[in-house]
Structure formats: structure tokens, C-alpha cells
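Read through the structure below, which is laid out as C-alpha cells, and then see the notes.
The values are calculated or read from the model by the stated rules, or taken from the named source; none is laboratory data. Keep in mind the model is a prediction, meaning the values are calculated, not measured. Here Cβ is always computed from backbone atoms with ideal geometry, including for glycine, and neighbour counts include all displayed protein chains.
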Amino acid sequence: MKRKLLVTGSNGLIGSAVVERFSEDGWEVAGIDNNMRAEFFGPAGDTRWNQSRLVRSHPRFRHVEADIRDRQKVLEVVRDLRPSAIVHAAAQPSHDLAASRPFDDFDVNAGGTLNLIEAARLACPESPFVHLSTNKVYGDAPNELLLIETGTRYDYADPGFANGIPESMRIDRSKHSLFGASKASADLMVQEYGRYFGMPTACLRGGCLTGPNHSGVELHGFLSYLVMCNIEARTYRVYGYKGKQVRDNIHSDDVVDFIARFVESPRAAEVYNIGGGRSNSISILEAFGLAESVTGMPMSWEYTDENRSGDHICYISDTTKAKAHYPGWEVTRDLKGVFVEIAEAWARKERKNFSREGGQDTLFSTKTAGP
């Protein structure tokens, strides 16, 4: 019997990695996407290139042009396919954009999630449902932790948080940004379908999810955008906290490996913090240094003292629960390797542009020595 997967946001970073992994594992994969990232972020956010790549490379993959806000269309797709599993990776992902487009943000993040999980309840309630949530559901509650400041980063003063932020961190009574609030709404709804209806659901509260297929822009895609600025000699803007704010980063393939393990052995109404953990944590200042060591190019940046509202000062994902529930799952990609992959991906895009314009390819080699 053929196993069928439905993935939303299939043109995006995580969605496309899901398509590749499950297609290679023998699943028939249908992907919903309407390239709304380009509408949100302009040409730099366009993901049609990734869609074309997937269609070319994976004969088991079928693209479905649909908007997850279209309730009837979503229901029809799910009823027709009756997937063996669903991975929901579509979202409006930007804090700043949510503030200027609150209805679009909520309709995509909260409304679209409800459309999809209700369609799943009606058509295939036994199928595992994985929702790509976010660490922003905690709002700025992590900022209440006592921190220490070093020369290049902030860190937790309490040794009880040495492994990072656990799932027990509260998600209310904090400032989230409108994006964080819409994603918290979706997160709670997916949990509720798991508890109320007994459906196998998981919310993956991601840290910084990254990889070479990210269409990074200033409003979303921290490492991808930072490396692109370095390669193209653009000026990167740092918002507050002296550039010492910390994020943990996880490669898209490691996220998808966890998803595959959950699909094979699902649980009901679970939440997991998914990130690179302490070993893959880095501040913006430290990221500048690593980018320079990989590309051999100097980083141009400027500083504004005003931080983004609700932004985390230090966020490291505690993945203890994820590893306990799914022994064998580990973060396999280290930070330097991730930087090299992203740099090589941006270099390939630049070379294609040079070739079209008849220019000379004088880009750096990403084999430059580093720490």
C-alpha cells in the first residue's frame, strides 16, 4: 500500500526538505504552496526556483497550487488525497511584517492551520499531523531569566538552564509580537485536536531553522540573510542587545529527520523544542566572525540601539524531551558546516547571475580555511 504525504509550504526551507526526504523514502508526496513568500517579501523571497527544482528532481512529488486560507480548497485536497501523514510547514514567518499586516498574518498562521487540521479530522484523523510551530510562542518570557554578558554573547546565569529553554516555559503573560501570538494560537489548536479528538499531533517549536535552500531576507532567515550580505558586500543591520543576542541553529535535514521519526511512531498532543542546542548556538557578533572565516570576505554591518519588540536576548533550545521520546535522533550538522553549505548555495546563485549577464566569475572559494 502506497504511503502518501501532504506537506504545506513545500517550496520553503523545511517543506522542500520534507519533500526530498519522504520522496527518497518511497512516499508519494503532494505539496501545497502558492509562493506567498514572494508576496510577503518581494522578489528576494520568491520560492518558485525551489518548486521547479523539486518537480525536476523528484518524480514522486506533485505540486498543488493552493492557498491554505481557502478552507474549501484545503478540505478538497485532503479528502482527495487522504494522506498517511501531514506536515504543516506553511506560515507567515516575520515579526515585523505581522505588525503591518495583522489580518494576513493571523489568517495564514492561525486560520490556515485550523483549516488544515479540521480537514485532517474529517478525512484522515488517524494520520500523524506535524505542525511547524516556533519558539516565539514563549514570547519574551525567556528574557526574564538572569543572564551573564561576555565579550561576544549573552548566556544563562542559572545552571538549571545550561541545556536551554524547556517546553515547560510559559507561553502566556509575555510579549510575543503579533506573529508569535498567531503561531501560539495555531500551536494550541493543534494540541487541542490531539487531546480533544485523540489525533496524533506534534508541535515543533523551532529555534532558527536553516539550510542552503532558504530564501533568506532581512525580515526572516537569520543565517541565510547574514551570509548573503557577507558574500554580496551588503551592510547587515543589527537591532539592539549589542549584537550579543544568541540563537541556536538547526539544519533543515535534522528537523526533517525528527519529523520522520515522529511519523513512524506518533504520539498525541505533543510539543517539542527543536533546535541546534548549545553546541549550535551563536550570537550575531560571533556569526560575523564565522562568516568571514568561511568566505574570506569582511562583514559590513551597522548598529541601531533599538531592539525588535519582543525579541529574545538569549534563546537556546533544550532538546532533552525530543531525544528522550525518540532515542537516536541527534543534531548532526555543526555550525561551520551549515555556514559552508549556505555560502556555497549563495555562491551558486551568484555564478548563475554572472553567467546570464556575461560577467566574469570571481567569487570566493568556500574552502577558505577557518577555525
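Among what's in the stretch 158-216 and is among the β-branched types (Val, Ile, Thr) and either in contact with a His (Cβ under 7 Å, 6 or more places away or on another chain) or touching a residue at least 60 places away in the same chain (Cβ under 8 Å) (or both), pick the residue that is surrounded by the fewest Cβ atoms within 10 Å (Cβ to Cβ). Selected residue: Ile165.
One line per residue, one yes/no per condition, for (1) of a type outside the set (Phe, Trp, Tyr); (2) in contact with a Leu (Cβ under 8 Å, 6 or more places away or on another chain); (3) surrounded by 24 or more Cβ atoms within 10 Å (Cβ to Cβ); (4) on the phi > 0 side of the Ramachandran plot:
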| site | (1), (2), (3), (4) |
| --- | --- |
| Gln72 | yes, no, no, no |
| Leu75 | yes, yes, no, no |
| Ser84 | yes, yes, no, no |
| Ala99 | yes, yes, no, no |
| Asn115 | yes, yes, no, no |
| Arg121 | yes, no, no, no |
| Tyr138 | no, no, no, no |
| Glu144 | yes, no, no, no |
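When the test is whether a residue is in contact with a strand residue (DSSP E or B) (Cβ under 6 Å, 6 or more places away or on another chain) and closer than 30 Å to Leu122 by Cβ, Cys229 does not pass it.
Just need a number here: residues in the stretch 165-209 that are part of a loop (DSSP other than H, G, I, E, B), of a type in the set (A, V, I, L, M, F, W, C) and farther than 26 Å from Ala120 by Cβ.
Initially, the stretch 165-209 is screened for residues part of a loop (DSSP other than H, G, I, E, B), giving 166-176, 198-200, 207.
Subset that is of a type in the set (A, V, I, L, M, F, W, C): 169, 171, 199.
Narrowing the set further to residues that are farther than 26 Å from Ala120 by Cβ leaves 169.
Summing the residues that are part of a loop (DSSP other than H, G, I, E, B), of a type in the set (A, V, I, L, M, F, W, C) and farther than 26 Å from Ala120 by Cβ in the stretch 165-209 gives 1.
Within the stretch 9-27, one or more residues are modelled with pLDDT under 95, crowded, with 20+ Cβ neighbours inside 10 Å and not small (Gly, Ala, Ser). Please tell me if Val137 is touching a helix residue (DSSP H, G or I) at 6+ places or on another chain (Cβ under 6 Å), touching a residue at least 60 places away in the same chain (Cβ under 8 Å) and either assigned to a helix (DSSP H, G or I) or not β-branched (Val, Ile, Thr) (or both). So Val137 passes the test. Could you tell me whether Glu118 is closer than 23 Å to His251 by Cβ and either β-branched (Val, Ile, Thr) or modelled with pLDDT of 95 or more (or both)? Here the answer is no, as Glu118 does not meet what is asked.
In contact with a helix residue (DSSP H, G or I) (Cβ under 7 Å, 6 or more places away or on another chain), of a type in the set (A, V, I, L, M) and more than 29 Å from Leu145 (Cα to Cα), is that true of Ile274?
It is false that Ile274 is in contact with a helix residue (DSSP H, G or I) (Cβ under 7 Å, 6 or more places away or on another chain), of a type in the set (A, V, I, L, M) and more than 29 Å from Leu145 (Cα to Cα).
Selection over the stretch 47-77 of residues that are touching a Ser or Thr at 6+ places or on another chain (Cβ under 8 Å), farther than 19 Å from Trp27 by Cα and of a type in the set (A, V, I, L, M) gives a count of 1.
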